[in-house]
1. Rounded to the nearest 10 Å², what accessible area does A:Glu118 show when all protein chains are kept and the probe is 1.4 Å?
2. Which percent of Cα-Cα pairs in the stretch B:2-102 sits in each 5 Å bin, short to long?
3. Any chance you could give the angle, 0 to 90 degrees and rounded to 10, that helix A:142-155 forms with the longest Cα principal axis of chain A?
4. Return, in residue-number order, each cysteine of chain A whose C-beta is not under 4.7 Å from any other cysteine's C-beta.
5. Name the residues of the stretch B:38-66 whose accessible area falls by at least 50 Å² when all protein chains are present instead of the chain alone, probe 1.4 Å?
6. Ignoring ligands, DNA and RNA, what percent of the accessible area of the stretch B:2-102 is carbon or sulfur (1.4 Å)?
7. Counting only heavy atoms of protein chains, what accessible area per residue, in Å², does the stretch B:2-102 have with a probe of 1.4 Å?
8. When the helices in chain A are scored as -39500 (n - 2.57) per DSSP H run of 4 or longer and the sum is shared across all residues, what 222 nm value do you end up with, to the nearest 500 deg cm²/dmol?
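The values are calculated or read from the model by the stated rules, or taken from the named source; none is laboratory data. Note that the structure is a prediction, hence the values are computed from the model and not measured. Cβ atoms come from the backbone with ideal geometry, glycine included; neighbour counts cover every protein chain shown. Just so you know, the surface numbers come from the protein's heavy atoms only, side chains and all, with ligands and any DNA or RNA stripped out. Shrake-Rupley method; radii C 1.70, N 1.55, O 1.52, S 1.80 Å.
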Amino acid sequence: MNIAILSGKGGTGKTLLAVNLAAVANGASYIDCDVEEPNGHLFFKPDSLEVDTVTVKIPQVNDDLCDGCLKCVEFCRFNALAYSNKLMIFDDICHSCGGCVLLCPQKALTEKDKAIGEIRTGKSKDVDVVTGIMNSGVASGVPIIDELQKHIREKSKDGKHVFIDCPPGSSCVVMDSIKNADYCILVAEPSIFGVHNLEMVHELVELFEKDYGVVLNKVQTGENPSEDYCLANDINILGSIPFDPELGLLNSNGKIAARENTEYNKFFSALLDAVLKEARVETTINP
Amino acid sequence: MKIAIPVDNKSKDTDVCVSFGRAPFFLIYDSESEEGQFLPNDAAKMTGGAGVKAAQIVVDSGAKILLTPRCGKNAADVISAADISIYKTIHKTAMENITAFLADELDTLDEIHAGFHGA
Ligand code: SF4
Ligand code: SF4
């Protein structure tokens, strides 16, 4: 079962939940798709790391062949090309569509590899930890997330659970991250902003027709607008993580609560059971 | 000599636009004929690469001088490759700045911001 964990913004407890669920799932995989700010490895501290570079193709120009026809400049919808006495290529804006190379009448453009990030695989106790990391100033993390999808398909082959820590928000990198997810968990905080962020990801999973449920984080007594939103929209609430200074402290010290504290081990195991039960029901009703 | 300025609208007394890449128009002013022409900036609404595209419009206009409050790095690279000099605006309206430039009162723009995608 591939389970994606999403939230509308960072810092809502998305990684906390993904890491702890993976830690109690008996030989699961944790895949960090939050390539701009991957945090899961700070908790797992995986060993025997294997590092693979992710590259994309970007154009390079042969100035002797280019006659300045501007066809490529007009074509590039990302505006990564300009012609100012000679053709200029802005690597950081290029989305590697390859169009300009195909189009150039003079065959002045060819492709070259550019490293945009890396994928690190390692092990933390019984958890396989795979982390995607994007170099700064890169136009899009999508190629790294596409690479991570291969790991997700590979890891889920033998029926093991895969937890996918998605980037925050609802942009194309998030859509890419949930591509192979069987079930999505939306993490929400109990505030008006929390509801707004929840709405964003709710719309996304609806759009992609994914099965999903919500986990409420930092829950205290009193009003919880996110809970109200779920009730009003008939969204399944899988569980609530209480607001607890001890959990906060473990988390800010880079500790995995489920590994440090038996109470939290039980708590996340029960939450995982609830998720799996729900996910199985959902996937058998809507295969 | 042609002078380019990012502007807010297509009127003679228009203000300089605070953004280069996202300016709705460029005023191309010819100091010999003392006539101006407004070019729409198709890049204004684009999500990425607006600075590069806007710079291309300025280069294609044949301007030799650009007056702007700011300019991203990518855009500045395109502008400089065409030997266009960039000066920093100090007044509110476009015409005030042109007058100031012609009176030699403007300094070259030195701070080029790295900017998100150079817009
Ligand atoms: S399409 Fe080819 S020849 Fe034309 S400007 Fe681009 S690189 Fe040069
Ligand atoms: S590969 Fe695509 S995005 Fe990159 S410069 Fe060429 S046309 Fe633009």
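1. 50
2. 3, 16, 28, 28, 18, 6, 1, 0
3. The two axes meet at around 50 degrees.
4. Among the cysteines of chain A, those whose Cβ sits 4.7 Å or more from every other are A:Cys33, A:Cys66, A:Cys69, A:Cys76, A:Cys94, A:Cys97, A:Cys104, A:Cys166, A:Cys172, A:Cys184, A:Cys230.
5. Correct list: B:Val52, B:Gln56.
6. 52
7. Values: 4360 Å² over 101 residues.
Ligands and nucleic acids excluded, the figure is 43 Å² per residue.
8. -10500 deg cm²/dmol
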